[in-house]
1. Where residues in region 84-125 are farther than 25 Å from Glu64 by Cα and β-branched (Val, Ile, Thr), which of them is surrounded by the most Cβ atoms within 10 Å (Cβ to Cβ)?
2. Would you say Ala46 is out of contact with any Asp or Glu (no Cβ under 9 Å at 6 or more places or on another chain) and surrounded by fewer than 18 Cβ atoms within 10 Å (Cβ to Cβ)?
3. Filter region 12-30 for residues that are modelled with pLDDT under 60 and not in a helix (DSSP H, G or I); which is nearest to the chain's Cα centre (by Cα)?
4. Residues in region 65-98 that are within 17 Å of the chain's Cα centre (by Cα), in a strand (DSSP E or B) and over 22 Å from Cys128 (Cα atoms): how many?
5. If you take the residues of region 99-130 that are touching a residue at least 40 places away in the same chain (Cβ under 8 Å) and either part of a loop (DSSP other than H, G, I, E, B) or touching an Asp or Glu at 6+ places or on another chain (Cβ under 8 Å) (or both), which of them is nearest to Glu143 (Cα to Cα)?
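The values are calculated or read from the model by the stated rules, or taken from the named source; none is laboratory data. Since the structure is predicted, the reported quantities are computational estimates derived from the model, not experimental observations. All Cβ positions, glycine included, derive from the backbone under ideal geometry; neighbour counts span all protein chains shown.
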Amino acid sequence: MAGAAAGSAAGHLREALVHRPRVGGGEVRVAGQAHAPAIAELTGVAGARLRWADLDAGGGRVVELLEYRHPQAPPAPAEPNAPGRAHLALAVADLDGIADRLRGAGVGIRSTRPVTLEDAGEWTGVSCLYVLDPDGLTVELLERPAG
């Protein structure tokens, strides 16, 4: 597989996949279930059984969602500044339109508004918005300036 991948544990894979189109996520490339001993060896989670889906993030990139069916763990702290807490960034077109649709759908939005970065080197002119997925993971939606 060429390209890069990012992954996130999802409390409920089905809910995460329903939420995905609202934030401009890609199509499901492939999905399945796994419970072989190699999964426990890979993840370091004894007896791991999971469902997974790979989403097309464009340009050969993949976003992998994992739902641990067994054993289940409590949710991670939701604050974006909690040590070890990650966020996922997705490039989108029409950030303002997506923000309006998300607000109308009742999706949690952490940012007060889309913010356009200034004096940020190669990020200057990029507009960003932090939203929350169903499990509280921060998803950064970003739109680069045209041209």
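1. Among those residues, the one meeting the criterion is Thr116.
2. Considered against the rule, which asks whether it is out of contact with any Asp or Glu (no Cβ under 9 Å at 6 or more places or on another chain) and surrounded by fewer than 18 Cβ atoms within 10 Å (Cβ to Cβ), Ala46 comes out as yes.
3. Gly25
4. Summing the residues that are within 17 Å of the chain's Cα centre (by Cα), in a strand (DSSP E or B) and over 22 Å from Cys128 (Cα atoms) in region 65-98 gives 4.
5. Tyr130
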